[in-house]
Amino acid sequence: VGGALLLWSVVARPTTPEEDCRLTDLRSTIRRAPAAIGAAWLPRVPDSVYAHMRGRMASNEWVFLVDSIRRDFDAESAPIPPGDRLAFARELDALRGELSVVMSLRDPAERRNNAVGVRQVRFRTSIDPDTRDATIFAATGDQITLTTSTDQDVRRALCYRALALDRMLSAYGAPARLDAREKLEEAVAEWDAYGDKSYSQYPWELALNSARFDAKAIHPPRDQIVLMHPAVSLELAQRPGGTGPAIENLHRFTTVTVEPVGYISYRTGYEWYLGASLLVSIPEKELPLGAGAMAHIGQALNVGYVFRSRDLAGNRRDGIIVSADLLQLFTSMPKLWRENRDRALSQLATPIP
Amino acid sequence: MANLLFVVHGMGVHGADWADSVLATFRRLPDDYGYKWLKENGGIEGSNDDRRLDIVPLSYDRVFDRLAQQWGKDSKALRESAHENGISIPNVLGWLERASEVEHNFFWTHVVDVLMYRFFSIVTADARTRLRAALAEKIEPAMRDGEVPEISVLAHSLGTSVMHDALALLGSQPIDGNHAFMAGNLLLSNVFMIANVSRVLETSPAVFGSVVHPQTAASGAADAYVQRYYNFRHRFDPFPAVRPFGPVGWGAGYTAVEDCERVLQFNVHDLEHYLNDPRVHIPIFRALAGSKAVTKAEQTRAIAAYDATPEPRCLDELHRFETTMERLIAVASAGADPESAIIAATQFLAAAQEAKDACH
C-alpha cells in the first residue's frame, strides 16, 4: 500500500476542475500528491503567487500587482479560448479601474477601511457539486465555465490566477472586516447594556416601543415611551398632624404606583438613562390617591413627588416616591413565565420519538 | 484554512451544547450509509492533518430568555391590556386561551419565541444584531492573511427566518458606514434552509427582495450574497407549509428538496429527522466537500436503505398522525399569515406528543 501511495504521489495524473479551481481541494492535492500538479505548475499555484505578492500588498501597491498579473496573463501560453481570454482580461481591467479610482482619491485608506469602491468577490470561483464544473464570474457577461473536458492547462491558467486574485482581494478587505467586526461587537455590548440596565418594559410597552422602532437597526432604541407602567414603590409621606419636612414627621410605607405616560432617553453606551413620567400613587391604607411626576436617572434613582388633596382636618399629606424599578416586586406575574416554562419543560422532558 | 459551516437552531429552549447532537449526526452518517470517501478522509470536517470544515453552532435564544425573566405569561391580561391601549397583538393569544394543556405547554416552551421574534421589532433587531456579530466574529479571523474560506450556513425552523434576516442585513446594510460584509465584498458558498419559515415570518428585508439569493437568480449576480441556495421541506411538516418557500427564476443555483415523506419519528419537524434522510444530507455533503463526498451509486444505496427503515410500529397511530398533519397543513396553508403558522406549529407539536404517547 505504501509503495502504491508513493507511486501515486510521484506520477502526474489529470486533475479535476474541483482540484484546479477549489482552493481546499488544490491545497489537499499539493499536500498529498504534488506530482499531480507537475513541476511546471507548482510555482504558479495560488498560494505561491500570493506569497510573492505580500511585499507589494504591505506597501499598498495594489494597482502595480494587478498590472503585473495582467502582463503575465497576456503572455500566457495555455490555449485559452479567445472569448474566455477577453472576459478574464475585461475583469482584470475592471478591477484595475476600481483600484485606480480609490487610490487616486484623497482618502484611499478610509475607502479601504470602509470597503468602498472595490468589488472584492469579483474573482470568486464556484464549483457545481453535481457536474463538477467550475465557474468564474458567474451570472455576469464574462462568465467562464470550465469542465472536465476543458484543457487542464486552460483551467489552471484561469483558476490559479482567479484564486490568487481572490486571496489578494481578501487581504485588501482585511482592515474593513476587522473594523466592521469591532463595530458589531460594540453593538452587541450596547444590546447587553440595554437588556440589563434599561428601564423595564411590560409587554404592552414593548409592543408600543417596537411599533416605533426599525427592526433593521443595529443599535438599540435611543428612547422609550413609558405607558401604564405599574410598580411597587416606597413612599415617604407626612404623618397625620406632623408639620415640616423633618424625618421624624415622615411616615414610610409601601405603595402601588402607576406611571400613566412618560419618556426615557438613553445615554451613550446604554449604561444609564434620563427620563420623566407622570405618576399616580395608590396607597393601601388611609391615604387618598396622589398624583405627581417621577424623574428617572438610571436604574438606581427613580424619584417622584405626589400631591394629595387636603383631608378633613385640613392637612395635605404629599409624598416622596422611591421606586427601584424591580418589575418582579409588582405581582407574582413575572415569575409565572419562567415557572410555566419550567413546568412545561419537565412535562415534556422525554423527547418525541 | 478550514471552511466554515454555521449551524443555527430553531425555536425552543437551547443550551450551550445544543449542537452536539447535530455534530454527532454529521459524524455518524458516513458510517451509517457507507460513504467511502468521507469515511477515509475524516468525515465532513476532515482529518486532523487535513481539516476541511469547522462547524460553528450559533444561538440567539438568549434574547427571548431575557424577556422570560422580566415577564409573566398571563396571556389574557396581556391581550386585554394591549387592546385597551390600542396595540395590535396577534389573535394567537385568544386561541391560546382555548388550547389544550399540551398545546399550552408547547406554546410556552417553543412557539412563543416565534411570536416574540415576529411581532416585537426590538426583539427582532436584538436577535439579528447578535447573529450578525456572531457571524462576523468567526468570518473575520478566518479570512485573515488573504484566506478565502468557503462560508456556508445551515438553519432550521425559526432559525431560517432569523438567519435570512441577519444575512440580508449583513449583505445590504453598511455597519456605521462600513461595507466589509456587504454583497460584492462577501459571498457565501451555500445556504441550507431546513423547514424554511422565512417567508411566513418575513418583515423587512422581504425574503424574495433581499440579497440572500443565488448568483443565478434573475435579479442578477451583482448583489447576490450566495452561490447556492438549498431548501428542504418534509411533506408532513406543517411549519414550512404556511406561505411555502418557492422562489421563481432563481436558476441553477437554487435546489429545492421537497420529496421527503418518510415518518421515522412523529416529530418530523426535528432537525435530525431531516438530516438523517439521504435526500437532505447528500446534497449538503456534496456542497460542502465536493461531488466526491458521495458517489451516485452510494446515493442510490443510501436512499434505498433509508426508505427500507421501518416506520413506528403502531401503524394505526401513524396513519392517524399523517391524516392529522395533512388536515393541519391544509388549514395552515389557507391562513398564510404568521398567526396561522404559530397556531399550526403548536398544534403540530402537541399532536406529535400525543401520537408518541399513544404509541407507547
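The values are calculated or read from the model by the stated rules, or taken from the named source; none is laboratory data. Owing to the predicted nature of the structure, the values given are computational and were not obtained by experimental measurement. Cβ atoms come from the backbone with ideal geometry, glycine included; neighbour counts cover every protein chain shown.
Worth a mention:
- Checked against the criteria, B:GLN347 counts as more than 11 Å from every other protein chain (Cβ to nearest Cβ), touching a helix residue (DSSP H, G or I) at 6+ places or on another chain (Cβ under 7 Å) and within 13 Å of B:HIS269 (Cα to Cα).
- Qualifying residue in segment B:170-182 (condition: in a helix (DSSP H, G or I), more than 7 Å from chain A (Cβ to nearest Cβ) and not small (Gly, Ala, Ser)): yes
- Scope segment A:176-205; condition modelled with pLDDT of 90 or more and within 7 Å of chain B (Cβ to nearest Cβ); matching residues: A:ALA176, A:ARG177, A:LEU178, A:ASP179, A:ALA180, A:ARG181, A:LYS183, A:LEU184, A:GLU185, A:ALA187, A:VAL188, A:TRP191
- Unique residue being of a type outside the set (Asp, Glu), at pLDDT 85 or above and loosely packed, with under 14 Cβ neighbours inside 10 Å when the list is A:SER277, A:SER265: A:SER265
- Residues (within 13 Å of chain A (Cβ to nearest Cβ) and closer than 30 Å to B:PRO310 by Cα) located in segment B:209-236: B:TYR230
- When A:ARG119, A:ARG90, A:ARG155, A:ARG111 are screened for being more than 9 Å from chain B (Cβ to nearest Cβ), surrounded by 15 or more Cβ atoms within 10 Å (Cβ to Cβ) and over 26 Å from A:LEU42 (Cα atoms), only A:ARG111 passes.
- Condition met for B:HIS269 (farther than 25 Å from A:ASP133 by Cβ and not in a helix (DSSP H, G or I)): yes
- Residue within segment A:125-135 that is of a type in the set (Asp, Glu), within 12 Å of another protein chain (Cβ to nearest Cβ) and closer than 25 Å to B:ALA222 by Cβ present: yes
- Test for B:HIS281: is it part of a loop (DSSP other than H, G, I, E, B) and crowded, with 22+ Cβ neighbours inside 10 Å: no
- Residue among A:THR24, A:THR16 that is touching a strand residue (DSSP E or B) at 6+ places or on another chain (Cβ under 8 Å) and modelled with pLDDT under 95: A:THR24
- With respect to the conditions (1) within 14 Å of another protein chain (Cβ to nearest Cβ); (2) over 27 Å from B:LEU115 (Cα atoms), B:ARG320 lacks only one, and its number is (1).
- Scan of segment B:125-162 for residues that are touching a Ser or Thr at 6+ places or on another chain (Cβ under 7 Å) and either assigned to a helix (DSSP H, G or I) or more than 9 Å from chain A (Cβ to nearest Cβ) (or both), ordered by number: B:GLY146, B:ILE151, B:SER152, B:THR160, B:SER161
- Residue satisfying condition, being basic (Lys, Arg), modelled with pLDDT of 70 or more and either touching a Lys or Arg at 6+ places or on another chain (Cβ under 7 Å) or crowded, with 23+ Cβ neighbours inside 10 Å (or both), within set B:ARG98, B:ARG128: B:ARG128
- The set of residues in segment A:206-227 being small (Gly, Ala, Ser) and at the interface with chain B (Cβ under 7 Å from one of its Cβ atoms) consists of A:ALA207, A:SER210, A:ALA215, A:ALA217.
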